[in-house]
Amino acid sequence: MHLIRRKGWEIPEREATPEALFLNRRAVLGAGVGSILAGVAPAMAAEEPDPSAGLYPAKHNDAFTLDRELTPEKINSQYNNFYEFGTQKKVFTAVDSLKIRPWTIKVDGMVEKAREIGIDDLLKTMPLEERLYRHRCVEAWSMTIPWTGFPLKALIDAARPLSSAKYVRFETFLDPKMAPGQKQSWYPWPYVEGLTMAEATNDLTMLVTGAYGKPLARQFGAPIRLHVPWKYGFKSIKSITRISFVDEQPKNFWQSLQSSEYGFWANVNPEVPHPRWSQATEEVIGTSTRRPTLLYNGYAEQVAGIYKGMEGQKIYF
Ligand SMILES: Nc1nc2c(c(=O)[nH]1)N[C@H]1C(S)=C(S)[C@@H](COP(=O)(O)O)O[C@H]1N2
Ligand SMILES: [Mo]
């Protein structure tokens, strides 16, 4: 085994001064609140300043243009899917309990060296930029969002997976006390998703840490979520705590729940209906119009090549 060069994002949290100061301050505040509330665990108030706020707005990447208006922030922030906090679109009213610091992400499985990274250490070394993306939910609605984040490929390059790794598996936190939706035991918690290595390293595949020029609001999947714009939205897993390199196709949350309706690939295709509804058009959230759905959600030029030779397989399911 050759020597492993230490990357910037491997700096332990205690050496990262701003983060350490923030955590200490929280510990002090937490102790005070705890004693006042006689033993109730202190939660991070939603109003507490986000330690990554200074990184936003990030530089805008002009390569990503849209064929329609951006979805207004207020509309997008009040129409979300985040089943950990309920099955209604108005989860924004229920996400204050999501504790986003400290937040660590495990990177493990088939890698040279498994490790755990604090979100603020990760943010310091990843190339943050803003991109405008289309987002198409399998429920036949769509939005357009100014995301800030970095290509997943940048993290993969730093992690150095083994050549035996064939897929990337993502996992959301599991904490039913913090996320009451996880008390609904008929769902296969924690939320899991997966991509092939080719999909994961495509330049479009983004780890998102901000939206609308600010750190990610909780309902969007703070502090870090995936966005895979050519696939149905359920692939874009929120509030990620673990990224694993594996050699078997991961079974995702929706597949585990209902394998007759949801598959691994979930590439957007207007001509392949969901078993219970058409995917030919989509409701554009925030407008009173529908638009024709586009193959690969309009990203065919960038991604169709990934699926060459797979025409017989269920890549739109
Ligand atoms: N952990 C987690 N990730 C998730 C979901 C969820 O319920 N839990 N919902 C998915 C679905 S179905 C969609 S459409 C998008 C919604 O993202 P948005 O709220 O930013 O539009 O998140 C996806 N990621
Ligand atoms: Mo969705």
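The values are calculated or read from the model by the stated rules, or taken from the named source; none is laboratory data. Just so you know, these numbers come straight off a predicted model, no measurement behind them. Here the Cβ positions follow ideal geometry from the backbone for every residue, glycine too, while neighbour counts run over all protein chains shown. Areas reflect the complete protein model, heavy atoms only, side chains present, ligands, DNA and RNA absent. Shrake-Rupley method; radii C 1.70, N 1.55, O 1.52, S 1.80 Å.
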What does the range 41-143 give for Rg and for Dmax, in Å, if only its C-alpha atoms count? 16.9, 47
For the chain, one quarter of the surface area of the C-alpha convex hull, expressed in nm², comes to 17.5
How much mean residue ellipticity at 222 nm does the chain get from its helices, if each DSSP H run of length 4 or more adds -39500 (n - 2.57) and you divide by all residues, to the nearest 500 deg cm²/dmol? -4500 deg cm²/dmol
For ASP62 and LEU162, calculate 0.36 nm times their separation in residues minus their Cα-Cα distance, and state this gained length in nm to one decimal. 32.6 nm
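When the convex hull of the C-alpha atoms of the range 131-204 is computed, what volume per residue in Å³ does it have? Please list the in-between numbers first.
Numbers: hull volume 11.4 nm³, N = 74.
Per-residue hull volume (Cα only) is 154 Å³.
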Zone of GLU69's modelled label, taken as backbone nitrogen in the range 211-235 under 19 Å from a point 7 Å along Cα→Cβ: 212-213
Tell me, in nm to one decimal, what length is gained between TRP186 and SER278 on full extension, where the rule is 0.36 nm per residue of separation less the Cα-Cα distance? 30.4 nm
FRET E, pair THR289, MET110, Förster distance 41 Å, beta-carbon r, rounded to 0.05: 0.35
Under the Karplus relation with 6.51, -1.76 and 1.60 and θ = phi - 60°, whole-Hz ³J(HN,Hα) for the range 79-86, x at Gly and Pro, equal 8, 9, 10, 7, 4, 4, 10, x
Given a 10 angstrom Cα cut-off, can you work out which residue in LEU152, LEU98, LEU174 is the most mobile in a GNM of the chain? LEU174
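Could you compute the FRET efficiency for ASP203 and ASP96, with r as their C-beta to C-beta distance and R0 at 41 Å, rounded to 0.05?
About 0.75, to the nearest 0.05.
At a threshold of 8 angstrom on Cα-Cα distance, excluding pairs fewer than six apart, so keeping six or more, what relative contact order does the chain reach in percent?
On the way: 608 pairs, mean separation 57.2, N = 317.
Dividing the mean separation by the residue count of the chain yields 18 percent.
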Which angle from 0 to 90°, rounded to the nearest 10, does the C-alpha axis of helix 17-36 make with the longest principal axis of the chain? 70
From the Cα centre of the range 169-244 to that of the range 68-89, the distance in Å is 14
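Solvent-accessible area per residue for the chain at a 1.4 Å probe radius, Å²? It would help to have the intermediate numbers written out before the result.
Working: 14630 Å² over 317 residues.
Each residue of the chain exposes 46 Å² on average to a 1.4 Å probe.
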When the chain is modelled as a GNM with alpha-carbon springs shorter than 10 Å, which of ILE105, ILE306, ILE156 fluctuates the most? ILE306
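Out of the total accessible area of the range 48-307 (probe 1.4 Å, heavy atoms of protein only), what percent is carbon and sulfur?
Working: 5410 of 10270 Å².
The value for the range 48-307 is 53 percent carbon and sulfur by accessible area.
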Which pairs break 29 Å Cα to Cα here: LYS113/LYS238; LYS177/LYS214; LYS106/LYS235; LYS90/LYS183; LYS251/LYS308? none
